[in-house]
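The values are calculated or read from the model by the stated rules, or taken from the named source; none is laboratory data. Bear in mind the structure is a predicted one, so any value in this text is a computation, not a measurement. FYI the Cβ positions are ideal-geometry reconstructions off the backbone, even for glycines, and counts take in every protein chain you see. The area values use the complete protein model at the heavy-atom level, side chains included, leaving out ligands, DNA and RNA. Shrake-Rupley method; radii C 1.70, N 1.55, O 1.52, S 1.80 Å.
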Amino acid sequence: MITVEICIGTACHLMGSEEIFTALEELPPKLKAKITIRGTSCLGGCDRGPVVRINNQTYYRVTPSELKAVLKKLGGEDS
């Protein structure tokens, strides 16, 4: 199982965390079934948002395409 925690604090929200949630909805169903999604308060790095933690590794300035690439790699999916 892949755990994705997305900061929903004010700074990350203003920097695009909603786009991260949207990107997760666009993943293939087989990959989405392997993912647990959580909105969380500040993960630190407010000036480098949106901040996402995937399986306890923190990523800064995450874009939807970067997120999808990481999750596909972790989930064993083809790009």
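The table below lists the values:
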{"read-out": "Sulfur and carbon atoms: percent of accessible area, segment 1-72 [1.4 Å]", "value": "51 percent"}
{"read-out": "Counting DSSP beta bridges with both ends in the chain, the antiparallel % (nearest 5)", "value": "50 percent"}
{"read-out": "Orphan Cys of the chain, criterion: no other Cys C-beta under 4.7 Å", "value": "Cys42, Cys46"}
{"read-out": "Residue-normalised accessible area of the chain, given per residue in Å² at a 1.4 Å probe", "value": "59 Å²"}
{"read-out": "Computed E for Phe21/Cys42 - FRET, C-beta separation, R0 25 angstrom, nearest 0.05", "value": "0.90"}
{"read-out": "Relative contact order of the chain, defined on C-alpha pairs under 8 angstrom at six or more residues apart (%)", "value": "39 percent"}
{"read-out": "For the chain, alpha-carbon Rg over 2.2 N^0.38 Å", "value": "1.00"}
